[in-house]
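All remarks here apply to the structure that follows.
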Amino acid sequence: MSEVTRSMEATSGPTAARVARRRVAMPNGVWGVLLFIATEAALFGTLFATYWYFRFNSPHWPPQGVEDPKVALPLILTGILVSTTIPVFFAGRAARAGNARLAWILFFVALLIQGGYFGVQVHEFLSDLSKFPPNETAYASIYFTLLGAHHAHVVVGMLLELWVLGKLLGGITNYRLIGVRVATYYWYFVNLLAIGVVFTQIYPSL
Amino acid sequence: MKANRRLELTMWMGLLGAPIVWACQHVFGFGVTQAGCSIGSKSWNVPIDTYTAIATSLAGALAIAGLVASVLAYRAVRDADIDAEPPGGRIYFMSICGIVISPLFLAIILMSGIATLILSNCHQG
């Protein structure tokens, strides 16, 4: 009988951590999230391209009657969101080391910060909607589509983290470790997107 | 070992073939439309419909080739399953992804090309 633990048999923290350390090929779950991220990147690529296409075809950007976007608050909020990369990164490391408790705490901290970020962003989004509705100009249309799409991705990331938090309560297994990896990779992508989105959003004021 | 590498290559061609071809068709179509409809280049008389028909046919054929590559990769590892050791498990999973996405991209390629051919050029709506 082989003494090497198979990934399917890794149903406890230490064995799952041992399997993860020994793994040389990426599991299919990680390939799956990378493919998903590729499709999301294509979606945001088209949104950014649309924004700049409109920009280069408009003499006034934003159009007359629409005030320039704020700079400080979106930058601060994005900075806060991007800072959650740190607890998410260390949560992933803790999970790989077989420490479910520390991973849970770090994911929870990240989720709290992301929740606060999302709350303020929703308030700002609704406030902007009342000032320049998306059906009035191409600028407003792409502005709200881009921001709305990013906020939707933040929600998906938070739901993914919530799911991971629930699973980690039962300890670490090989499958849960892959789930943690999937959630962390997705958050890195959402945070990277946030940087692109915020600079596109505040560009008219720069 | 060599057979595995060939199989992996077939899998990647099946997975990425149709999306890359669609991206190329999209960018090419945008360029042709800009060249054919912009004020500065209208005098060039770019044959938009001819270029679109050629690009759509070529892209459609390549997307079908991508689908065939995915089916071939899947058939080679069909006895494996999603949790099998790599490369078998990976090829199994990725070839299924290729089989799912290639027809979708083929549909996008055809709809985009046919719409350009049916609708009148250089007009909105």
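A compact table of results
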read-out	value
Residues of the stretch A:173-206 that turn out to be hydrophobic (A, V, I, L, M, F, W, C) and in a loop (DSSP other than H, G, I, E, B), as a count	1
Which numbered condition residue B:92 misses (of (1) more than 15 Å from residue A:31 (Cα to Cα); (2) among the aromatic types (Phe, Trp, Tyr); (3) free of Cβ contacts under 8 Å to residues at least 60 places away in the same chain)	(1)
Some residue of the stretch A:152-172 being crowded, with 20+ Cβ neighbours inside 10 Å, part of a helix (DSSP H, G or I), over 19 Å from the mean Cα position of the chain (by Cα) and not small (Gly, Ala, Ser)	yes
Matching residues in the stretch A:66-109 - criterion: being farther than 30 Å from residue A:12 by Cβ and in contact with an Asp or Glu (Cβ under 9 Å, 6 or more places away or on another chain)	A:66, A:69, A:70, A:73, A:74, A:77
Residue check for residue A:106: free of Cβ contacts under 8 Å to residues at least 40 places away in the same chain, surrounded by 19 or more Cβ atoms within 10 Å (Cβ to Cβ) and part of a helix (DSSP H, G or I)	yes
From the options B:17, B:31, residue that is modelled with pLDDT of 95 or more, in a helix (DSSP H, G or I) and not hydrophobic (A, V, I, L, M, F, W, C)	B:17
Filter result (within 12 Å of chain A (Cβ to nearest Cβ) and crowded, with 17+ Cβ neighbours inside 10 Å) within the stretch B:2-11	B:11
Complete set of residues in the stretch B:100-125 that are in contact with a Ser or Thr (Cβ under 9 Å, 6 or more places away or on another chain) and surrounded by 19 or more Cβ atoms within 10 Å (Cβ to Cβ)	B:101, B:102, B:109, B:113, B:116
Of all residues making up the stretch B:34-55, the number that are more than 14 Å from chain A (Cβ to nearest Cβ), assigned to a loop (DSSP other than H, G, I, E, B) and surrounded by 12 or more Cβ atoms within 10 Å (Cβ to Cβ)	2
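The values are calculated or read from the model by the stated rules, or taken from the named source; none is laboratory data. Being a predicted model, the structure only gives us computed values, none of them experimental. Glycine gets a Cβ as well: all are built from the backbone with ideal geometry, and neighbour counts include every protein chain shown.
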